[in-house]
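Laboratory data are not the source of any read-out in this text; all were calculated from the coordinates shown. Here the structure is a predicted model, which is why all the values come from computation and not from measurement. Cβ placement follows ideal geometry from the backbone for every residue including glycine, while neighbour counts extend to all protein chains displayed.
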2 protein chains.
Amino acid sequence: MYGLIGKMRVVPGQRDALISILIEGVSGMPGCLSYIVAQDPTDPDAIWVTEVWDSQESHQASLSLPSVQQAISRGKPLIAGFGERFETKPIGGHGLAAPGNAA
Amino acid sequence: MYGLIGKMRVVPGQRDALISILIEGVSGMPGCLSYIVAQDPTDPDAIWVTEVWDSQESHQASLSLPSVQQAISRGKPLIAGFGERFETKPIGGHGLAAPGNAA
């Protein structure tokens, strides 16, 4: 599996809008086992995205999906920058839902 | 929701053992929506744990569960230290499975 942990800095006042865009765009991405968008409680202009994919290839391929392309173009103007970014190799746990699952 | 992103440094050679202990201990924790254990691909002695709970109280309560207490006592000798630690406020996404779900 392939994982990403990343912090995004958001244009002030646009955090809720960016979070909605990101969450709307995540459904039905082949190979996506987890994609969670969170507020940073210590910074009103920052969010965290944690992702798990069945492979790095699936993640890479998702970037060309129309829904993701649309989210990127809608979200880009709201992104002020990027903070910490860690790649991981998830081994297991709870909450790794295949795309089709309702979870 | 309440989230945690944390890095653990592991006693050299014990990463697989610690990962197994952590993954074994995660099933059926009330309020746990996601608990994923991953290797750090850049450091053979480090792991990342990303968690999402329905509340901080659920997370706190989980620490007294027998299964978690057991995992902590088995895992403690294998933990060499802690790295980055970020608290988050998850808003939504994919892969947030209520404990009962098979995911």
Exposure-ranked with fewest Cβ neighbours within 10 Å first, B:LEU22, B:LEU4 stand as B:LEU4, B:LEU22
With one decimal in nm and the nearest listed first, the spacings from A:LEU65 to its own position in the other copies, using label points 7 Å along Cα-to-Cβ, are 2.9
In nanometres, the difference between 0.36 nm per residue of separation and the alpha-carbon distance of B:ALA17 and B:ALA61 is 13.4 nm
Restricting to Cα pairs under 8 Å and 6 or more apart, the percent relative contact order of chain A works out to 45 percent
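Could you tell me the ratio Rg/Rh of chain B? Both radii from Cα atoms, Rh via Kirkwood.
Rounded to two decimals, Rg over Rh is 0.95.
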Computed curve, the protein assembly as shown, Cα-only Debye sum without solvent term, log₁₀ I(q)/I(0) at 0.09, 0.12, 0.17 Å⁻¹, is -0.33, -0.59, -1.18
As straight-line cross-link partners of A:LYS76, the qualifying lysines (C-alpha separation under 23 Å, not fewer than 8 residues apart within one chain) are A:LYS7, B:LYS89
